[in-house]
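The values are calculated or read from the model by the stated rules, or taken from the named source; none is laboratory data. The model shown is predicted, which means the values in this text are computed figures rather than measured ones. So basically every Cβ, Gly included, is an ideal-geometry build from the backbone, and we count neighbours across all protein chains shown. Ligands, DNA and RNA are excluded from the accessible area calculation, which covers all protein heavy atoms including side chains. Shrake-Rupley method; radii C 1.70, N 1.55, O 1.52, S 1.80 Å.
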Amino acid sequence: MAENNQKRPFDVLNNALNKNVLIKLKGETEVRGELASFDVHMNLVIENGEELKNGELKRKLGVVLLRGDTVVFVSPA
Amino acid sequence: MAENNQKRPFDVLNNALNKNVLIKLKGETEVRGELASFDVHMNLVIENGEELKNGELKRKLGVVLLRGDTVVFVSPA
Amino acid sequence: MAENNQKRPFDVLNNALNKNVLIKLKGETEVRGELASFDVHMNLVIENGEELKNGELKRKLGVVLLRGDTVVFVSPA
Amino acid sequence: MAENNQKRPFDVLNNALNKNVLIKLKGETEVRGELASFDVHMNLVIENGEELKNGELKRKLGVVLLRGDTVVFVSPA
Amino acid sequence: MAENNQKRPFDVLNNALNKNVLIKLKGETEVRGELASFDVHMNLVIENGEELKNGELKRKLGVVLLRGDTVVFVSPA
Amino acid sequence: MAENNQKRPFDVLNNALNKNVLIKLKGETEVRGELASFDVHMNLVIENGEELKNGELKRKLGVVLLRGDTVVFVSPA
Amino acid sequence: MAENNQKRPFDVLNNALNKNVLIKLKGETEVRGELASFDVHMNLVIENGEELKNGELKRKLGVVLLRGDTVVFVSPA
């Protein structure tokens, strides 16, 4: 399958390492924190993570491993 | 499996690179912005992205990586 | 697995190229327009596409790439 | 994996070719019509198809390609 | 992966051939009838099948092919 | 992928054979009974099974085959 | 696919062995307890597990095997 674009989607994750990201998950949960690692399944580790619901802080999570198949989007802050 | 059509679905993404697209995701979320890259899983990177809900701007996202399996459709502006 | 039928499901898509089709997606969305291309995943490109909700025109989409795994059915007009 | 039954599930589809079938899909949609073809993914083509909702005719579809992964059951009339 | 149990889950289906079974599907549908065949995907053919909703007979289906990935459980009568 | 833990998740199932387990399924259904067999897909056979809804006995199932992909958790009694 | 990060997501699970973790599952269920083992599918075994609903203790589970594909996130305490 042709991909004539130089950039690749996972570059966004590489560039966001150790920086703040906002992650929207399936359901109504969002997580905000520093991206510490990721893999090809889009499993993500966030440090200093906070769980948000409707934009409000629900609780502090510290380190959290997010399963890739629940991710809707990842946006660097 | 026979495919006697010359054009292929992903050509739409190739042609839309660096242009505005509207993306409908599973659930009620939509994202609008410039398509910066994509891969064979339909993972998409949008720049100057805006999250919409019921057609209204919900928040500005800037750069955002959308996971392919949450995509319903992509439409160039 | 035995398939003693001569016709194959994707023939419907081949025969519908450049013709009007109605596509029902998971959720309550439907899209109507001309089938411009498809692939083995049932990813579809529609031209002059219109998004329908409850049978009413919701908005004109023009060109739109529909992700195969959100398709419920495709019916030539 | 042992299968000591002589009959196989897809025989039902082979035997139903060109006959009326009722198909229940995920969600609340049902389709009734003549089975014209199928494949190993349980993608189905129905001719003279009718879409039903809560047992009532919603609309006539004519030819319709149903995506296999939305099928709940297929029952010959 | 170690499996030190002699019996295997599909033995239940082998033993239930030509006997009455109750099948719970995703959503609120249940089907009751004689198990006529099955395959490794847990696709099932039921004869003299009846569709139940909330434990009440909704309609008689006769022969019905149930798609494996909609099955929650199968219980011999 | 590194796994430096000696125990493996399926050991729980091996150790629970012929003992009582509680199984939570997707949706609101739970099943309780003796674990008779399982496979690598987490398909489970329960004997003397009881279906529970909101913690109340809904009906006795006797032998029941639970499809692995509907399992949320399995807990030995 | 490039992964220039040294840490890997599953390291979080390795480091959390025998320690308390909070697990959010699809739906509204959460489980808290000690992580006893895991595999590459993110199947998890928790000891001294407690099921929570809306942050309240629903019941004590003791040992519980959680199926990986129902996991949303895992956070060490």
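So here's what we get for this one:
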quantity: DSSP loop trypsin sites (Lys or Arg not before Pro) with at most 15 other Cβ within 10 Å: longest gap in chain B; calculated: B:20-77
quantity: For residue A:27, distant residues with modelled amide H under 5 Å away; calculated: none
quantity: Whole-number percent relative contact order across the stretch A:16-76, with pairs defined as alpha carbons under 8 Å at least 6 apart; calculated: 35 percent
quantity: Cα centroid separation - the stretch G:28-71 against the stretch A:49-77, whole Å; calculated: 19 Å
quantity: In Å, descending, principal axis extents of the Cα set of the protein assembly as shown; calculated: 61, 61, 34
quantity: Per DSSP, loop GluC sites (Glu not before Pro) in the stretch D:24-62 with at most 13 further Cβ within 10 Å; calculated: D:28
quantity: Additional length obtainable on full extension of the chain from residue D:15 to residue D:58, 0.36 nm per residue less Cα span; calculated: 12.7 nm
quantity: Karplus-derived 3J(HN,Hα), 6.51/-1.76/1.60, for each residue of the stretch F:37-42, Hz, glycine and proline x; calculated: 6, 7, 9, 5, 7, 6
quantity: Amide hydrogen neighbours beyond the local backbone of residue G:43, cut-off 5 Å, H modeled; calculated: G:68
quantity: Under 5 Å, built H, 5+ apart or other chain: amide partners of residue A:58; calculated: A:51, A:52, A:53
quantity: Buried accessible area, chains B and C (both chains, 1.4 Å probe, Å² to nearest 100); calculated: 2100 Å²
quantity: Chain F, Rg to Rh (Cα coordinates; Rh as Kirkwood inverse mean 1/r); calculated: 1.01
quantity: Percent carbon-and-sulfur accessible area, chain G, ignoring ligands, DNA and RNA, probe 1.4 Å; calculated: 45 percent
quantity: Whole-number accessible area per residue in Å² for the protein assembly as shown, which is evaluated in the context of all protein chains at 1.4 Å; calculated: 45 Å²
quantity: Per-residue mean of C-beta atoms belonging to partner chains within 10 Å, peptide E:57-69; calculated: 6
quantity: Residue C:41 accessible area, 1.4 Å probe, all protein chains in place, Å² to nearest 10; calculated: 110 Å²
quantity: Nearest-20 debye value, the stretch D:16-76 charge dipole, Cβ charges on Lys, Arg, Asp, Glu; calculated: 100 debye
quantity: In order through the stretch A:8-25: 3J(HN,Hα) via Karplus (6.51 cos²θ - 1.76 cosθ + 1.60), integer Hz, x for Gly, Pro; calculated: 10, x, 5, 4, 4, 6, 4, 6, 8, 4, 6, 10, 6, 9, 10, 10, 9, 9
quantity: Residue-by-residue Karplus 3J(HN,Hα) for the stretch E:53-64, coefficients 6.51, -1.76, 1.60, Hz, glycine and proline x; calculated: 9, 6, x, 9, 5, 8, 6, 8, 10, x, 7, 8
